[in-house]
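*Asks:* Input: one structure, supplied below.
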Amino acid sequence: MKAQPILAEEVSLSQGEALQAFQGSISAELLHAQYHWLTAESRRQKRTKTDLLTQALGLWIHRHPEERLTKARLFNVMRDAVGEFIVFTPSRETELGAKPERHLL
């Protein structure tokens, strides 16, 4: 039986390797709205974009343990991770104690 070669794109990446591969193209690879949110959020929280991406990716990995983080999927995963991070990050209204909207049944 012949051994199947493993393509570089199929090799699982560590979180650090993924961030390093993604950092050079943050603005090009994130959706326009995600990049603007990331920029504003990094200013608001006084944290670097890389720090926020690290947290977003870590949370994504925790919520999706069955998914492999590969080079071929890296940019889609980072978009998904940032999208989920935006949804799960408290908004300024929440931090200011704004009342949630009431929905009628």
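*Asks:* Could you figure out which of (1) of a type outside the set (A, V, I, L, M); (2) farther than 30 Å from Val11 by Cα; (3) at pLDDT 85 or above; (4) assigned to a loop (DSSP other than H, G, I, E, B) isn't true of Glu101?
*Replies:* (3)
*Asks:* Looking at the stretch 26-69, which of the residues that are of a type in the set (A, V, I, L, M) and without any contact (Cβ under 8 Å) to a residue 12 or more places away in the chain is surrounded by the fewest Cβ atoms within 10 Å (Cβ to Cβ)?
*Replies:* Per the stated criteria, the residue is Ala28.
*Asks:* Looking only at the stretch 79-87, decide whether some residue is aliphatic (A, V, I, L, M), under 21 Å from Ser12 (Cα atoms) and modelled with pLDDT of 90 or more.
*Replies:* Yes, some residue in the stretch 79-87 is aliphatic (A, V, I, L, M), under 21 Å from Ser12 (Cα atoms) and modelled with pLDDT of 90 or more.
*Asks:* Is it the case that the stretch 7-24 has a residue that's exposed (fewer than 14 other Cβ atoms within 10 Å of the Cβ) and at pLDDT 85 or above?
*Replies:* No, because not a single residue in the stretch 7-24 is exposed (fewer than 14 other Cβ atoms within 10 Å of the Cβ) and at pLDDT 85 or above.
*Asks:* Could you go through the stretch 54-68 and let me know if any residue there is among the basic types (Lys, Arg) and modelled with pLDDT under 90.
*Replies:* yes
*Asks:* Evaluate the following for Gln4: is it assigned to a helix (DSSP H, G or I), of a type in the set (S, T, N, Q) and at pLDDT below 85?
*Replies:* When the stated conditions are applied, Gln4 does not pass them.
The values are calculated or read from the model by the stated rules, or taken from the named source; none is laboratory data. Quick caveat: nothing in here was measured; it's all calculated off a predicted structure. Virtual Cβ from ideal backbone geometry, glycine too; neighbours counted across all protein chains shown.
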